[in-house]
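This report concerns only the one structure given below.
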Amino acid sequence: MRNRLIPYLFVSPAMLLLVAFGIVPILVAAVISTTNMNISAFANWNNVDFVGIDNYTKLFNDPDFWQSIGNTGLFALFGVPAIVLISLAVALLLNSSQHPFFKALRAFYFVPAITAIVAIALVWGYLYNTQFGLLNHLLSLVGIPQVQWLSDPALAKFSVALVAVWRGTGLNIIIFLAALQGVPKEYLEAASLDGASSARTTFSITIPLLRFAIFFVSITTTIAWLQFFDEPFVLTDGGPLGATTSASIFLYKEGFRLNQFGYASAGSIVLFAIIAVITLIQLRIRSADDEY
Amino acid sequence: MKRTAKGVLAAVAVASITLGASACSSPAPAGDADGPLTVWVMGDSGANFETLVADSGIEVEVVAIPWDSIDEKLTTAVASGSGPDILQIGLSKLRTFADAGALMPLDDELADHPALSPENFPSGVAGTSTSVGGEIVSVPWTSDTRVLFTRTDILAEAGYDAPPATWDEVREYAKTLTARGEGQYGYYIPQWDAPLPIEIAWSMGGDVIDSDGNVDFDTPEFAKAVDVYTGLYADGSVPVNSDFDQTQGFISGVAPMLVSGPYLGNGISSSAPELDGKWQASPLPEGDGGSVSLFAGSNLGVWHNTDQKDAALDLLEYVSAPEQQLAWYKLTGELPTVSSALEDEELNSDPNVKVYTDQLATAKVLPLVSNWDGAVGTELLNALNAIVLTGADRDESLAGLYAKTAGLSNK
Amino acid sequence: MSTSQLVRDRSLAKRRRVLVILIGAALGVGALVTAFPFFWMLTTAFKPQREAIDYPPTLLPQEPTLEWFVTLFTELDFGRYLVNTVAVVLIGFAGLMLMAMAGYAFAKFEFRGRRWLFFLVLATMMIPIQVTMIPTYLILNGLHLTNTLVGIALPTLVSGFSIFLFRQFMSTIPTEMLEAARLDGAGEFRTFWQIVLPLSKPILAVQIVLTFISGWNSFLWPLIIASDQKLYTLSVGLALLNQQLAVNPSLQMAAATVMVVPILAVFIVFQRYVIQGFALSGLK
């Protein structure tokens, strides 16, 4: 007779830490979001007043906030599928041969994911620079005029997203590669004996068997892109004129840089709610495939 | 099975107890009554500070704080009540630190510590110029300002044998220099430089706060400043892309004139020594009100609940002595604030440095309004950049600025 | 085998080879493009200051120098930061086992509240880190863990991302294998240790690399929890070099290189475990 407590015992150490450092802060943020707390609160706690949903109304009336939500949605809409597809494709290609050359290439694809954001900012900021950057230098050699990679509002979104996709694929390629090991070799051999081409095998057998990995990558990439922060922050500081300001950057600037904790907490709760809803939808769609 | 369950429970219990036990053997908190003074120094100047105070007889432990992370550090320190003993405060953050209750008022201490008295420092930064809520909560330490940098060789080729002295001249010279050719400009305006239009307004003889301390941009002098700003763009003399690199622009000659700080001068000297003699710093261009520039830099403050007040004040006096101020300049290139140090002959032997020190005599700090950078600086840039970069209507844009900044005060 | 079959097999093999070569070439080009910024960072780390901001830019350093690396370790205390970073990473590995256990429970057990608890796990991934900053600091302060290496490693000891990852992978372990072990009389913990973990080698390898990376790059917690510079990690050291104007990109690139190279080394060592197949012999 299996002990009913076993699953709880397995889960509790990790959950304890998560609750302390993950859930409790969310609850605290929810409480703070109903106040006007800012840095002066630490000088004198009487400076904090309960304001109910004022922070939320202020937020929803702020056009900059809506612009940032729109930007975030746009980035996620194009960025997440791009990352999932590219990572999957590269993983499948890398896995198509056990030759040492293929194995060596893995490190190259992984490198962007592990490079510190400071280095990325410097390198890409340099590559993209309008007057003095390498990309425009190369373009000028073939007669193309300067491209305003980071200054043109529409193009800046693309440039920033490109860096984020470049960075985001590395980890997911590795996850897909690990998942590909779970595809039983017998199935693949059986298919090729039946005369199926490798393309057909890939689409009809391998990819369906990677469902759980694709699901994982989709959800985590979506959550990450809804919190998009690093790349626009270091490359364009949310500019030009707010074109690349994501919801997280808006929160960071309005709330944390200005130490308006009440306002920032309200924004964080709203962002959290959006992410939670989208994730729940994704979970619902996939709930049939949860069990194996 | 039951045994395994107990085993796991036991492991978790042991882990929690160990965690709790290890917590008790943590080191003594900073700011304790004997022991070195903890000093927060910004950026990578930590080692330099230790060198500076090596002979002071006061034991010091420096903690370096990255410039971009000071908000996080400050917030957690005030939230928990434990901070350093002395901290470096960038002037733009002074109001925030004071509002957080992080700084000890020093008015009563100044009598016993003559080196810290306001008369030792330029009027732009001393005493009431940097007091918050009527209290002096910091002491000036390093200074920074903005002056005009020009490529004298390029100006000479265009027929100008001296840098422009007024804003009208700036505009005229810039137009000529832009005509040099495709991809060439006359003047660079950094799109993130919020103090610049304010410096121009000051040099027109105006101010951005009224006599009651309220922010007020709706003045004729500011309107003239906006004319200069938008005029330069209208002439096509200024690059419009936001990622224009000011150092590269200056070194390559693409943008041979701009207003910047000593850090640019140092950057050019160290990375482009072949340009020596081909560029110079000169006073900020004048308007009707003379040449009035920005007083930036850092002050030093004492943490509000430090246990070592006397030692902290002694250290402040030590670093405010002219010899130490000049020694700091030698170590880091950051200019002193003590007036007698600013007048030092050796310091001023470099003509560019003399320009900086002269400028500091009349420079002003930005108003100590709560959240100046975000509430005012950002709105100012948004309004102006909307006009010059996206063609927004000038009056409408400025009206928006006035509305958003009305009611902000430095009281 | 008939002659026509032999011929067909040989031409199939030849087509496969050509395909593999084409794929290899495409991937190779892709890899070079992908890794180019990294390569740029590496070469800039060896350039003298003047050359680093040269325009038009030089690809390889004309006068390579080691001075920046020397500066990092002699003047800027990077040696100490390195030691601290390694310590934080090692403490992080302790969390790995806790997360594997939790992932396993979510994957293979039915228990009340499982759905909600799992959603809580996901929820922790959805909150911006700055919001967690003050409450976390106050908790650690209460436990007297501020300014300790344990305190620095604790907030990120367990992550929702990793538990989720473990859960996904462990759910593909055939339940029959676990049942078989239990019928044989093995306890739950033994089943976990002797069957589940060995079968999870690829994902464990991934998680080891991930834990290494997150511990190695940790920035926010070391920054605010350490009130003593002696506990700073490499990321914080790198951030100290950020100034208004990038006057010395070579130094920053050298610091960034010091940060990246060990991760790359760990990855290269562990990646063959990631790609090690595990055979599901005999079971469907």
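The values are calculated or read from the model by the stated rules, or taken from the named source; none is laboratory data. No experiment lies behind these values; they were computed from the predicted model shown. When we count neighbours, we look across all protein chains shown, and the Cβ atoms used for this are built from the backbone with ideal geometry, even at glycine.
The C-beta contact set for segment B:81-103 (first residue within 28 Å of C:H144 (Cβ to Cβ), second residue aromatic (F, W, Y) and not in a strand (DSSP E or B), distance under 8 angstrom, 6+ apart or interchain) comprises B:L87/B:F97; B:A100/A:F42; B:G101/A:F42; B:A102/A:F42; B:L103/B:F97. Restricting the first member to segment B:166-180 and to residues that are under 17 Å from B:T230 (Cβ atoms), and the second to residues that are part of a helix (DSSP H, G or I) and small (G, A, S), the beta-carbon pairs closer than 6 Å and six or more apart or on different chains are B:R171/B:G231.
Scanning segment B:189-217 for residues that are of a type in the set (D, E, K, R) and surrounded by 16 or more Cβ atoms within 10 Å (Cβ to Cβ) yields B:D193, B:E199, B:D207, B:D216. Residues of segment A:116-130 being at the interface with chain C (Cβ under 8 Å from one of its Cβ atoms) and without any contact (Cβ under 8 Å) to a residue 40 or more places away in the chain, which ones? Hits for segment A:116-130 are A:A116, A:A119, A:L122, A:V123, A:Y126, A:L127. Applying a threshold of 9 Å to beta carbon distances and a minimum spacing of six or more residues, or different chains, the list of pairs starting in segment B:361-378 at a residue that is without any contact (Cβ under 8 Å) to a residue 12 or more places away in the chain and ending at one that is buried (at least 19 other Cβ atoms within 10 Å of the Cβ) and part of a loop (DSSP other than H, G, I, E, B) reads B:G374/A:L258; B:G374/A:Q260.
Here B:T390 does not qualify as touching a strand residue (DSSP E or B) at 6+ places or on another chain (Cβ under 8 Å) and either surrounded by fewer than 22 Cβ atoms within 10 Å (Cβ to Cβ) or not acidic (D, E) (or both). When C:K47 is tested against (1) among the charged types (D, E, K, R); (2) more than 9 Å from every other protein chain (Cβ to nearest Cβ); (3) surrounded by fewer than 22 Cβ atoms within 10 Å (Cβ to Cβ), exactly one condition is not met: (3). Criterion applied to A:S248, A:S218, A:S204, A:S192 was being at the interface with chain C (Cβ under 8 Å from one of its Cβ atoms), assigned to a helix (DSSP H, G or I) and of a type in the set (S, T, Y), and the one residue passing it is A:S248. Of the set (1) surrounded by 22 or more Cβ atoms within 10 Å (Cβ to Cβ); (2) within 14 Å of chain A (Cβ to nearest Cβ); (3) closer than 18 Å to B:T150 by Cα, all apply to B:S260 but (2).
When A:A20, A:A41, A:A76 are screened for being under 30 Å from B:G81 (Cα atoms), small (G, A, S) and touching a Phe, Trp or Tyr at 6+ places or on another chain (Cβ under 9 Å), only A:A41 passes.
When residues in segment A:38-57 are screened for being in contact (Cβ under 8 Å) with a residue 40 or more places away in the chain and part of a helix (DSSP H, G or I), 4 of them pass. Listed by position, the helices (runs of 4 or more DSSP H) inside segment C:115-206 whose residues that are at pLDDT below 85 and of a type in the set (S, T, N, Q) number at least 2 are C:129-142.
If you go through segment A:1-40 one residue at a time, how many are at the interface with chain C (Cβ under 8 Å from one of its Cβ atoms) and under 28 Å from the mean Cα position of the chain (by Cα)? So the answer is 16.
Just one of (1) touching a Leu at 6+ places or on another chain (Cβ under 9 Å); (2) buried (at least 24 other Cβ atoms within 10 Å of the Cβ) fails for C:L251. It is (2). Is it the case that segment C:158-169 has a residue that's within 8 Å of chain A (Cβ to nearest Cβ), in contact with a helix residue (DSSP H, G or I) (Cβ under 9 Å, 6 or more places away or on another chain) and among the charged types (D, E, K, R)? Checked against the condition, which is being within 8 Å of chain A (Cβ to nearest Cβ), in contact with a helix residue (DSSP H, G or I) (Cβ under 9 Å, 6 or more places away or on another chain) and among the charged types (D, E, K, R), segment C:158-169 yields no hits at all. When segment C:2-58 is filtered for residues that are charged (D, E, K, R) and under 30 Å from B:G267 (Cα atoms), the ones remaining, listed by number, are C:K47, C:R50, C:E51, C:D54.
Scanning segment B:94-150 for residues that are in contact with a strand residue (DSSP E or B) (Cβ under 7 Å, 6 or more places away or on another chain), of a type in the set (G, A, S) and either under 18 Å from B:L366 (Cβ atoms) or not assigned by TED's automatic domain parsing to the domain that holds B:L300 (or both) yields a count of 6.
Of the residues examined, A:A156 is not one that is within 20 Å of A:S87 (Cβ to Cβ), away from chain C (no Cβ under 11 Å), part of a helix (DSSP H, G or I) and in contact with a Gly (Cβ under 9 Å, 6 or more places away or on another chain). For A:A224, state whether it is out of contact with any Leu (no Cβ under 9 Å at 6 or more places or on another chain) and among the small types (G, A, S). In short, yes. Do you know which of the residues in segment C:50-77 that are hydroxyl-bearing (S, T, Y) and closer than 17 Å to A:L135 by Cα is surrounded by the fewest Cβ atoms within 10 Å (Cβ to Cβ)? Applying the filter and picking the extreme gives C:T58. When we screen A:V90, A:V123, A:V80, A:V84 for residues that are buried (at least 23 other Cβ atoms within 10 Å of the Cβ) and either in contact with a strand residue (DSSP E or B) (Cβ under 6 Å, 6 or more places away or on another chain) or over 30 Å from C:G237 (Cα atoms) (or both), the only hit is A:V90. The condition of being crowded, with 16+ Cβ neighbours inside 10 Å and under 30 Å from B:N371 (Cβ atoms) holds for A:A29.
Applying the condition of being more than 7 Å from chain A (Cβ to nearest Cβ) and aromatic (F, W, Y) to segment C:107-147 and asking which residue is surrounded by the fewest Cβ atoms within 10 Å (Cβ to Cβ) yields C:W116.
Out of A:F212, A:F233, one residue alone is crowded, with 16+ Cβ neighbours inside 10 Å, more than 18 Å from A:R167 (Cβ to Cβ), among the aromatic types (F, W, Y) and out of contact with any Lys or Arg (no Cβ under 8 Å at 6 or more places or on another chain). It is A:F212.
For segment C:157-195, which positions are surrounded by fewer than 20 Cβ atoms within 10 Å (Cβ to Cβ) and among the β-branched types (V, I, T)? The answer is C:T172, C:T175, C:I195.
Considering only residues that are within 14 Å of another protein chain (Cβ to nearest Cβ) and part of a loop (DSSP other than H, G, I, E, B), which ones fall in segment B:190-229? Answer for segment B:190-229, where residues must be within 14 Å of another protein chain (Cβ to nearest Cβ) and part of a loop (DSSP other than H, G, I, E, B): B:P190, B:Q191, B:W192, B:D193, B:A194. Only residues that are assigned to a loop (DSSP other than H, G, I, E, B) and either in contact with a strand residue (DSSP E or B) (Cβ under 6 Å, 6 or more places away or on another chain) or touching a residue at least 60 places away in the same chain (Cβ under 8 Å) (or both): list them for segment B:247-276, please. Passing the criteria: B:G253, B:V254, B:A255, B:P256, B:G261. Exactly one residue out of B:L342, B:L316 is in contact with a His (Cβ under 8 Å, 6 or more places away or on another chain) and surrounded by 18 or more Cβ atoms within 10 Å (Cβ to Cβ): that is B:L316.
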